[in-house]
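Heads up: the structure comes next, in structure tokens.
The values are calculated or read from the model by the stated rules, or taken from the named source; none is laboratory data. Just so we're clear, the structure is a prediction, and the values are computed from it rather than from any experiment. When we count neighbours, we look across all protein chains shown, and the Cβ atoms used for this are built from the backbone with ideal geometry, even at glycine.
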């Protein structure tokens, strides 16, 4: 099985801090990704959310949609509410033939609050981790039932990808446990 790599558009345009990369055209991102040798790209904030528009656009550059970031809120939503909130995103990924669902827990995150020190990032206690783990597992089971998966460094396949991010509850707590968290590029599934 060959491994295919996709790239995140955050290398060009930052969704958290839109002033970084502001004015960069989507066509520039797609052309650069193709020219560098990537076979796909992750869904970014400037991408159209209509598969009938996005699919031919990506195909014009010979790229597939790797998957897409979803700003999750499992710390404040129950699983049913999270599934409902993710419905349009999941439908787009499926329509695009994507196999990766990136769930990033962003409830209570401070990454967009430029005046807030990283030291003020919220933390989870033991009960919070248990609740979050249960909800994330149930949400991941739902996503898997919809046919999406992702390769991870420590597992040959998984149901979803979790994206570590500074100033978010989950990432900050994990950084406290391990100072060497590494997120490799997420390989795309092989073409059928």
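Points worth noting:
- Search result, residues across the range 11-31 that are under 20 Å from the mean Cα position of the chain (by Cα) and at pLDDT 95 or above: 26, 29, 30
- Members of the range 5-24 found to be in a loop (DSSP other than H, G, I, E, B) and over 12 Å from residue 47 (Cβ atoms), listed by number: 14, 16, 17, 18, 19, 20, 21, 22, 23, 24
- Residues that are touching a helix residue (DSSP H, G or I) at 6+ places or on another chain (Cβ under 6 Å) and within 15 Å of residue 90 (Cα to Cα), drawn from the range 50-62: 51
- Selection status of residue 32, surrounded by fewer than 17 Cβ atoms within 10 Å (Cβ to Cβ) and farther than 22 Å from residue 148 by Cα: no
- Taking residues in the range 79-98 that are under 21 Å from residue 132 (Cα atoms), and partners anywhere that are in a helix (DSSP H, G or I), the pairs with Cβ atoms closer than 6 Å and at least 6 places apart or on different chains are 79/135; 79/138; 79/139; 82/139; 83/142.
- Residue identified as at pLDDT 90 or above, crowded, with 18+ Cβ neighbours inside 10 Å and over 17 Å from residue 136 (Cα atoms) among 43, 90: 43
- Any hit, the range 63-76, residues being at pLDDT below 95, under 30 Å from residue 122 (Cβ atoms) and exposed (fewer than 14 other Cβ atoms within 10 Å of the Cβ): yes
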